[in-house]
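**Q** I am attaching a structure below and will ask some questions about it afterwards.
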Amino acid sequence: MTEPLKITDPDNIPITFVNEIGNVGFLNGIMNITFTAARFTPDGSQIAPDMVIASRLRMDLHCAQQLHDLVGRIIESNTKPDKTGMN
């Protein structure tokens, strides 16, 4: 049995919060996803949200398939009705 890879974070990569997917594309075997976040900037007497690029991910098709499978499982397990009747 193969041992799982040890994952480290020597550069202390920050966590990035995102609100929406800005756009996606696929070129030469690479999935491209741009995530955006709402920034609330005062504009005169109003504060209007403006969307700014928060992160760009690039991955090969294998990684995109892994992401699809894992996110699908997380969504499914967290959106099923509670079997005990207690929410």
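**Q** Can you order the peptides 25-31, 64-70, 8-14 by their average number of other Cβ atoms within 10 Å per residue, highest first?
**A** Details: 25-31: 10.6, 64-70: 12.3, 8-14: 5.7.
Ranking, from highest mean packing down: 64-70, 25-31, 8-14.
**Q** Further, regarding this structure: Suppose the Debye formula is applied to equal point scatterers at every Cα of segment 11-63; what is log10 I(q)/I(0) at q = 0.20, 0.29, 0.30 Å⁻¹?
**A** The Debye formula, applied to the Cα set alone, gives -0.78, -1.05, -1.07.
**Q** Another question, if that's okay. On C-alpha positions alone, give me the angle between the axis of helix 61-79 and the longest principal axis of the chain, in degrees, nearest 10.
**A** 80 degrees
**Q** Pick out which of G22, G72, G44 has the largest mean-square fluctuation in a Gaussian network model of the chain, springs linking Cα atoms closer than 10 Å.
**A** G44
**Q** Same structure, new question: Find the relative contact order for the chain and round it to a whole percent, using C-alpha pairs within less than 8 Å whose residues are 6+ positions apart.
**A** Values: 91 pairs, mean separation 18.2, N = 87.
For the chain, the relative contact order is 21 percent.
**Q** Suppose each label sits 7 Å from its Cα in the direction of the beta carbon; what would the T41-I15 distance come out to in nanometres?
**A** Once both label points are built, they end up 2.6 nm from each other.
Bear in mind these aren't lab numbers, they're just calculated from the coordinates by the rules spelled out. These figures come from a predicted structure and were not determined experimentally. So basically every Cβ, Gly included, is an ideal-geometry build from the backbone, and we count neighbours across all protein chains shown.
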